[in-house]
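Only one structure is covered here, and it is reproduced in the block below.
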Amino acid sequence: MLQAIATAVVSAVPNHVPVTAKIRIGWDHASIVAPEAGLRLQDAGIQALAVHGRTKMQGYSGDADWDVIHRTAETVSIPVIGNGSITSAEDVNRYRRSTAVKGIMIGRAALGYPWLFREIKHSLASGESLPPPGLEERWRVLLRYARELMENPPRDSLWNQLQWMRPRLKSFTKNIPGSRQLRAKLEQVTTFEQLQAVARESLDNASDQTGFCMTEGPSLPATR
Ligand SMILES: Cc1cc2nc3c(=O)[nH]c(=O)nc-3n(C[C@H](O)[C@H](O)[C@H](O)COP(=O)(O)O)c2cc1C
C-alpha cells in the first residue's frame, strides 16, 4: 500500500517535481520497518526521506531512536533527513558525526525557541556556541509572534488566540530570570495588551536588577 501510494503520487506529478516522504520508524517497537519502508519508497521514485525516530504508538513521547534512523540512512541511497528529540546545536553536531543522515529536521524545540536555528548555523560554521538571546530580544520576538498569530488565526480555531499559544508563551520563558512567576502570569493573559504589560514589567525588573537602563524603552510591537 505504502509503495502503491508513493508510486501513484510520483507518476501524477510532472517529472521535474521531486516527491519526498516522511515516515515514522514503525507501528510499535515490535514492528520497526523504517529501513524496509525506505527501500520501497525509494523504488517508488521518492527522492528524499525524512524519518521521525518514534513509532506510531509512541506518539510524541520518549526519545527518538537515532540507531534506526541511522540504519535507514545506510540502507537507502536517497538522502535521509533525521528527525526527533533534537533540542540543541550539540545534538545536531552529535548526530551529524555519528549517523549517515544528510539533514536534520527540528520540531517542537523550535516552537518556543526559534533562536535554535541561528545557534546551530553558528555552531556548524565556527564550531563555537552562540550565547542565548537577551531578554529584550526574547520579548520582542514573542510579542511579534503573538500579534501575528492574532492577526492570522489558525483556520478552524474557535479558541481565543492567546489561549491557543499559551504553551508557546511558556516555553519562551525558559532560562530567563524569574521564569516561574512569569509563567504564572502568562497563564492569565487573555489580551495582547496584558501580554505587553507582562513584557514591560519583566524588562523593568531586569533593568532594576542589573542597573541597566533602556533609554528608548523596550521596542515592543504596537497594538493594533
Ligand atoms: C504542532 C505540530 C505540528 C506537526 N505537524 C506535522 C505535520 O503536519 N506533518 C508531519 O509529518 N509531522 C508533523 N509534526 C511532527 C513533527 O514534524 C516531528 O516529526 C515531531 O514533532 C518529532 O520531532 P521533535 O522531537 O523535534 O518534536 C508536527 C509536530 C507538532 C509539534
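Tabulated results
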quantity: Subset of region 70-119 [within 16 Å of the ligand (Cβ to nearest atom), open to solvent by 70 Å² or more (accessible area, probe 1.4 Å) and in a loop (DSSP other than H, G, I, E, B)]; calculated: 87
quantity: Within region 60-69, tally of residues that are open to solvent by less than 50 Å² (accessible area, probe 1.4 Å) and outside any loop (DSSP other than H, G, I, E, B); calculated: 3
quantity: Set 17, 33, 13: member being surrounded by 14 or more Cβ atoms within 10 Å (Cβ to Cβ) and more than 11 Å from the ligand (Cβ to nearest atom); calculated: 33
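The values are calculated or read from the model by the stated rules, or taken from the named source; none is laboratory data. Everything quoted here is computed from the prediction, not taken from an experiment. A quick note on method: Cβ atoms are made from the backbone with ideal geometry, for glycine too, and the neighbour counts reach across all protein chains shown. When the accessible area is computed, the model is the full protein with side chains, heavy atoms only, and any ligands, DNA or RNA have been set aside. Shrake-Rupley method; radii C 1.70, N 1.55, O 1.52, S 1.80 Å.
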